[in-house]
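One structure is given here, and the rest of the page talks about it.
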Amino acid sequence: MEQLPALLIVVPLLGAPLAAMLPSGRLPWLLATAVSWVGLALAVLLLARVLDTGTISYAVGGWLPPWGIELRIDLLNAFIALIVAGIGAVVTPFAGPSATAEIPSRNISLFYCLFLLIYTGLLGITVTDDIFNMFVFLEISSLASYALIALGRDRRALTAAYQYLIMGTIGATFFLIGVGLAYSLTGTLNIIDLAARLPAVADTRTAHTAFAFLVAGVGLKLALFPVHLWLPNAYTYAPSVVSAFIAATATKVAVYVLLRVLFTVFGTEYSFDYIPLTPILIVLSVVGIFATSLSALTQIDAKRLLAYSSVAQIGYMVVGLAFGTAAGLTAAITHIFNHALMKGALFLALGAVAYRVGSTRIRDIEGLGRAMPWTMSAFALGGLSLIGVPLTAGFISKWYLILAALEQGWWWLAVVVLATSLIAVMYVWKIVEAAWFRALPAHHANVTEAPLSLLVPVWVLAAANIWFGIDTRWSAAIAAQAANVLLGGAP
Amino acid sequence: MTPETALPLTIVIPLVGALLVALTGRAPNLRETMTLVTGVALLIIVSTLVPPVLSGAVPEIVLVSTLPGLPIALSAEPLGLLFALVAAPLWIVTSIYAIGYMRGHQEHNQTRFFAAFAVAIASTMGVAFADNMFTLFLFYEALTVSTYPLVTHAGTDKARRGGRVYFGILISTSILFQLLALAWTYSVTGTLDFAAGGIFAESVPDWLIGVLYALFVFGIGKAALMPFHRWLPAAMVAPTPVSALLHAVAVVKAGVFTVLKVTIYLFGLDTVTNAGANDWLLYVAAATILLASFVAMTKDNLKARLAYSTVSQLGYIVLGALLATELGVLGGSMHIATHAFGKITLFFAAGAIMVAAHKTEVSQLDGLGRAMPITFAAFTIGALSIVGLPPFAGLWSKWYLALATIEADRLLLLGVLLLSSLLNVAYLLAIPVRGFFLNSGEDQAELQEAPRACLLAMGVTAAGCVILFFYPDFLYRLAMMVAG
């Protein structure tokens, strides 16, 4: 049991080369599925342990922190790791039929190898307490994502991957520069140690620069408006499974990194009182939420529409964390969880559509409500959650966000959240209307419901949107505790 | 059966009914039987709640708890029971009418129609018995969504346009204003439970009370207060049974019911008047009453005229709530019931004319009364009741509303009520007058009365208008319990 934090990285990391060596066929898929399920079990055990005993510290190789690499699991990263592992465990089974249909068979082993590498990288970021280590895992997952996106069957996937590569690398470089500057000031890379040493040198220009580079770097990775332009293309042209997995997890983990940098490394006072980050982040997010929601409204491809909506949703998370209050953080962390559920369900449902129809353009979705009722109903549920209809997960996070805004006395921000929810109604409606209120075109007359192997994962996530819209003990309640931990309170 | 089990059943039964309707879609007779059986079962269940409520008990049950302080809970208090007792029996009557209408009109997708209708009724029951504003909001939105397929039933471009206005206004107001008010109230008070005397502490500043109250009153778009009333005329593209039950009874009354609930149990009458939150809103309601009446006079389309008449009449109830006095609440509560019986009769008659004579405009109705005497007689009774003349039920609610304006020393509002009644005479009674006394010059030998099912339904609701005049005690008792 002591090895749990390490196992969470080691198991998928070993799985990746193993998958590459297996012959193309079902074997790499079975391996990846097994790994993702083991990963989920480990993440659940880890969260249970943290809830039971409090923060866990694990010294890699027996080298004690701050000299060795420390894995440090508190409630926040145990929760994030569970989200990543949970989505992974649902998405990987879906990959079986979906990836087989979308990826040339000679690349299948490679596909699962890359997939497990992203998985490793994301889990690695969440569990490590070493900021350089964090950068390394960030790059493992990013490099694997570039390659995976390039595997998309549309030729535009190549340009999308290239664009992402450039932007992602700039982000990573900024982050590394920030890490380097912080290291030059304090001589340490351990996050807890950094947090202890930074206040003494907080007034130096180097510290300010380090802060700026770190925040800007992570901002690029989490697709903060206006540096989000890599995201829509990447999500649109990636293979369906990859879109679902990275949309549900990758940007969320980047938000987690931002939380760590702001609240743990530099501390709430430095980030929000000393440096006026709140207005910067709020203005960027609010403009971003409006701009990208409106962009979503004009899209003709459903996947692209969801991608723009993702940027808007990230805006909500950033607004929540920008308050720097417990209520705001609770909203942000809850939304990380809930957004993973809703976008996972939506992208998987589109994956099932792509499997049957071969396209996700809204024109090609027309009439599918009758031809693929189960898939499209799951999509509709995910859409309701995205809008934030009561009794779905999306409502819970929006409710917390509105309360957090009102607590600050910023009622106009509550209006922004509600008004953009209305835009969400419109763009979700576009797809729902196409599916149910338009006739099935003649060339789709023989389209049938997606196979059960695709429907089950889709519905697991769709049902989770309802479940966590009613039972908030494992989402909002844990998020509230995690917010407390992050603000330095007792769990 | 205990009242606590009856409460959730009021929602479950129509939902099961919807399922049964969907399953028996291939056998229309069996399907219609399902609707009627469900309706009767619902009425019985709602009736079992009458004795405990009259004895002063408030049975309640928590279904699930989501967030702290926001349980989904049901309870039966007098106002909710009154609303449910109006909606449940009228659903049965409307179903009988709808069977005749839908078959007579040879409408398509009848299974979807009856199933969605049952879901809408389930949502209505949820609104009626919601124990807190969160639960009410939930069912309020469910009602909007479940009525959308009914409004766009025809499937034409015109229906879709109407549906878009309907859905757009109701959803926008509910999210932008109502949900904001909800969250704001919760953030101020920490609860959304309905409680006698309201939930706001005295320390809450007057301006905030005023802002929140206005957000609620406009956010409850279903109450059709101007300028957010356009959805109601737009909804008239729906088949007439939908207009009759939903847009004269269930949906619009859910709106004014919510306004009453919010006024009485969320703010409390004293809080509203002390903060002066109702002052300017009263004039908005008065303007709605008059303007809608004027617009109604200009409408030649029969259903559009009735729709604007509804907007005007809803204004009465909102006015009663906004007066925030016991008499106002009493009159408003009673008007929920009396207007329901009157207006549903008018819609039934309008639909009957459409089915039997294929006429939709007022100007086409000349002389039609002689071919369809029963229909036009029922229309006359409904119209007289809405005008507020004895011996029809509408008199009572208008009587108490008028008294309330006098008691509150707002004679201008009294003038509005009286003037509006005159306008009612002009635009409603003109219709049967044309039907009975004018001559179109066309040969009407071909014309005959509406289907028997439609006539039966009309007869029942017209009789209701008379019965409620002579036996208003029960209604009065319930409404008095609401007013306190």
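The values are calculated or read from the model by the stated rules, or taken from the named source; none is laboratory data. In this text, all values refer to a predicted model and were calculated from it rather than measured experimentally. Methodologically, a virtual Cβ is constructed for each residue, glycine included, from the backbone with ideal geometry; neighbour enumeration extends over all protein chains shown.
The table below lists the values:
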| quantity | calculated |
| --- | --- |
| Number of the condition not met by A:F379 [criteria: (1) within 14 Å of chain B (Cβ to nearest Cβ); (2) within 17 Å of A:S310 (Cβ to Cβ); (3) more than 18 Å from the chain's Cα centre (by Cα)] | (1) |
| Index of the failed condition, A:A439 passing every other in (1) surrounded by 15 or more Cβ atoms within 10 Å (Cβ to Cβ); (2) closer than 30 Å to B:A159 by Cα | (1) |
| Search result, residues across the stretch A:396-418 that are in contact (Cβ under 8 Å) with a residue 60 or more places away in the chain and either surrounded by fewer than 24 Cβ atoms within 10 Å (Cβ to Cβ) or under 12 Å from A:G320 (Cβ atoms) (or both) | A:S397, A:K398, A:Y400, A:L401, A:L403, A:A404, A:A405, A:E407, A:Q408, A:L413, A:V416, A:V417 |
| Some residue of the stretch B:154-171 being over 21 Å from A:A434 (Cβ atoms) and either within 12 Å of chain A (Cβ to nearest Cβ) or part of a helix (DSSP H, G or I) (or both) | yes |
| Test: residue in the stretch B:197-217 that is within 18 Å of B:G315 (Cβ to Cβ), more than 14 Å from chain A (Cβ to nearest Cβ) and of a type outside the set (S, T, Y) | yes |
| Helices (runs of 4 or more DSSP H) contained in the stretch B:199-257 and holding at least 2 residues surrounded by fewer than 24 Cβ atoms within 10 Å (Cβ to Cβ), touching a helix residue (DSSP H, G or I) at 6+ places or on another chain (Cβ under 6 Å) and without any contact (Cβ under 8 Å) to a residue 24 or more places away in the chain | none |
| Residue identified as under 28 Å from A:L259 (Cβ atoms) and without any contact (Cβ under 8 Å) to a residue 40 or more places away in the chain among A:I140, A:I118, A:I125 | A:I140 |
| Unmet criterion (only one of (1) aromatic (F, W, Y); (2) under 23 Å from B:Q313 (Cα atoms); (3) surrounded by fewer than 17 Cβ atoms within 10 Å (Cβ to Cβ)) for B:Y427 | (3) |
| Among residues of the stretch A:204-222, those that are crowded, with 22+ Cβ neighbours inside 10 Å, within 14 Å of A:I170 (Cβ to Cβ) and small (G, A, S), counted | 2 |
| Complete set of residues in the stretch A:411-444 that are away from every other protein chain (no Cβ under 11 Å) and outside any helix (DSSP H, G or I) | A:L440, A:P441 |
| Some residue of the stretch B:18-37 being small (G, A, S) and surrounded by fewer than 15 Cβ atoms within 10 Å (Cβ to Cβ) | yes |
| Residue list for the stretch B:101-121, restricted to those being farther than 16 Å from B:L30 by Cα and in contact with a Ser or Thr (Cβ under 8 Å, 6 or more places away or on another chain) | B:Y101, B:A116, B:F117, B:V119, B:A120 |
| Single match in B:S65, B:S146, B:S95, B:S75 (criterion: within 14 Å of chain A (Cβ to nearest Cβ) and farther than 30 Å from A:A480 by Cα) | B:S146 |
| Those residues of the stretch B:111-141 which are away from chain A (no Cβ under 11 Å) and among the acidic types (D, E), in sequence order | B:D131 |
| Qualifying residue in the stretch B:323-339 (condition: closer than 30 Å to B:R452 by Cβ and without any contact (Cβ under 8 Å) to a residue 12 or more places away in the chain) | no |
| Members of the stretch A:445-475 that are out of contact with any strand residue (DSSP E or B) (no Cβ under 7 Å at 6 or more places or on another chain), within 14 Å of chain B (Cβ to nearest Cβ) and either touching a residue at least 24 places away in the same chain (Cβ under 8 Å) or part of a helix (DSSP H, G or I) (or both) | A:N465, A:I466, A:W467, A:F468, A:G469, A:S475 |
| Condition broken by A:L321, with the remaining ones in (1) buried (at least 24 other Cβ atoms within 10 Å of the Cβ); (2) touching a Ser or Thr at 6+ places or on another chain (Cβ under 9 Å) satisfied | (2) |
| Which listed residue, of B:A250, B:A277, B:A287, is at pLDDT 90 or above, among the hydrophobic types (A, V, I, L, M, F, W, C) and at negative phi | B:A287 |
| Residue in the stretch B:286-297 that is farther than 28 Å from B:L215 by Cα and over 17 Å from the mean Cα position of the chain (by Cα) present | yes |
| Candidates A:E2, A:E70 - the one that is touching a Phe, Trp or Tyr at 6+ places or on another chain (Cβ under 9 Å), surrounded by 23 or more Cβ atoms within 10 Å (Cβ to Cβ) and of a type in the set (D, E, K, R) | A:E70 |
| Residue match in the stretch B:109-130 (condition: under 23 Å from B:T144 (Cβ atoms) and touching a strand residue (DSSP E or B) at 6+ places or on another chain (Cβ under 6 Å)) | yes |
| Unique residue being β-branched (V, I, T), part of a helix (DSSP H, G or I) and crowded, with 24+ Cβ neighbours inside 10 Å when the list is A:T264, A:T236, A:T278 | A:T236 |
| Qualifying residue in the stretch A:66-78 (condition: under 15 Å from A:F245 (Cα atoms) and hydrophobic (A, V, I, L, M, F, W, C)) | no |
| Selection from the stretch A:384-395 of residues that are at the interface with another protein chain (Cβ under 9 Å from one of its Cβ atoms), crowded, with 21+ Cβ neighbours inside 10 Å and not in a helix (DSSP H, G or I) | A:G388, A:V389, A:P390 |
| Count - residues of the stretch B:1-41 that are of a type in the set (S, T, N, Q) and closer than 20 Å to B:Y101 by Cβ | 5 |
| The listed residue being of a type in the set (A, V, I, L, M), at positive phi and touching a helix residue (DSSP H, G or I) at 6+ places or on another chain (Cβ under 9 Å), out of A:A254, A:A248, A:A223 | A:A223 |
